[in-house]
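Take a look at the structure set out below.
The values are calculated or read from the model by the stated rules, or taken from the named source; none is laboratory data. Because the structure is predicted, anything quoted here is derived from the model rather than measured. Glycine also receives a Cβ, built like all others from the backbone with ideal geometry; neighbour counts cover every protein chain displayed. When the accessible area is computed, the model is the full protein with side chains, heavy atoms only, and any ligands, DNA or RNA have been set aside. Shrake-Rupley method; radii C 1.70, N 1.55, O 1.52, S 1.80 Å.
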Amino acid sequence: MDFGFSDEDEAFRAEARAWLGAHAGVGEDRRAWERTLGAAGWIGIGWGEGGYGNRTATLIQQVVWAEEYARAGVPARSGHIGEKLLAPTLIAYGSEEQKGRFLPAIARGEELWCQGYSEPGAGSDLAGVRTKAERAADGSYRVTGQKIWTSLAHEADWCFVLARTEAGSRRHHGLSLLLVPMDQPGRIEVRPIRQMTGTSEFNEVFFDGAHARAEHVVGGEGNGWRVAMGLLGFERGVSTLAQQIGFEKELGDVVRAAVDSGAADDPVVRDRLVRQWAELRVMRWNALRTLGGLEGGAEPGAPSVAKLLWGRWHRRLGELAMEVRGAGAAVGPREWSVEEPYALDPFQHLFLFSRADTIYGGSDEVQRTIIAERVLGLPKEPRG
């Protein structure tokens with residue numbers, strides 16, 4: 001694939017930049033912002049010609065939109081899980097009824113989703129899930145179990161849940177992906193998890209006989225592992241390039257801080273800054289190369305390579321941000337108060353939040369195992 005920007009792409013960029021510039025700083029809450037994006041046709045631009053998204057954009061134009069969005073200073077997305085993960089999965093594996101029911105609502109920004117994968121004791125080892133979905137007399141399912149690290153569950157209307165629909169099944173067998181409505185008082189409880197940063201984007205979710213309709217099993221009962229693995233393949237890609245725009249801004253802030261504090265006079269610090277810059281360029285070209293290969297099917301192991309690259313890079317950047325600040329990095333931005341007992345400046349937030357980058361989304365250890373077994377063909381890791 002010849003990755004370049006045509007005149008049409010640049011016109012698309014100008015349109016996206018103008019719209020985002022007109023809406024920067026509008027002050028809408030996250031749910032209202034999703035509806036604004038949907039009304040303007042900016043959700044689902046990569047879904048193709050199926051009629052479920054608001055407009056159709058080429059792969060390069062999707063990159064353009066993602067990069068301009070990252071630069072624009074507009075609100076963070078809360079609908080990206082439905083748009084970027086569930087929607088492509090439904091397009092690939094879902095029934096026509098499922099597509100017709102869920103995709104238009106996602107495209108309008110009206111329904112928000114969360115991902116019910118990880119569990120206590122089965123985080124990166126997704127095949128170890130124990131949440132059960134048992135058939136009721138009316139043919140529907142009753143979901144019982146616990147999910148953890150569920151991003152934005154406290155805002156979501158629906159959750160796609162990986163659960164065991166075959167009693168006694170183990171590992172990859174007997175799993176199904178179910179679409180479960182979150183508004184079930186007494187049957188679903190969401191408990192926010194307070195993180196080191198003081199925020200709570202992640203949650204525990206408890207299912208106690210939660211209802212899921214029989215027609216809301218994606219890909220058919222017992223095919224959950226295949227669907228779940230397909231979904232994880234959508235988790236990387238265009239969004240990786242947009243993520244790198246944010247990384248570039250953070251690196252620029254660290255470089256300026258190093259110059260202002262005099263830390264850049266240290267040749268060791270300068271070497272680390274240059275290394276961070278060079279590795280970020282490598283990540284960009286690797287992402288572009290991977291996107292180019294999507295026309296012929298994703299490369300085996302490419303998502304795992306990308307995760308290993310950016311997870312450790314970002315964590316090292318957080319450490320470097322603290323180093324260039326020196327002793328001042330240990331001091332909060334404001335005096336302690338009852339109203340604001342846990343204030344962090346951007347560098348402190350970067351350092352603390354990035355500690356988790358090598359864990360969430362599949363730990364580094366699991367990513368290396370995937371590469372070893374599925375790409376290099378090495379013997380499988382012994383299991384107890």
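Here each label is just a point 7 Å from Cα along the line to Cβ, and for Tyr342 and Ala330 those points are 2.1 nm apart. Pick from His154, His349, His211: which is most flexible by mean-square fluctuation in a GNM of the chain where alpha carbon atoms under 10 Å apart are linked? So, out of His154, His349, His211, the one fluctuating most is His349.
Per residue, what accessible area does the chain have, given a 1.4 Å probe and all protein chains present, in Å²? Provide the component values of the computation, followed by the final result.
Details: 18740 Å² over 384 residues.
That works out to 49 Å² per residue.
Given a 1.4 Å probe and every protein chain left where it sits, what share in percent of the accessible area of the chain is carbon and sulfur? Could you put the intermediate results ahead of the total?
On the way: 10200 of 18740 Å².
Percent of accessible area from carbon and sulfur atoms in the chain: 54.
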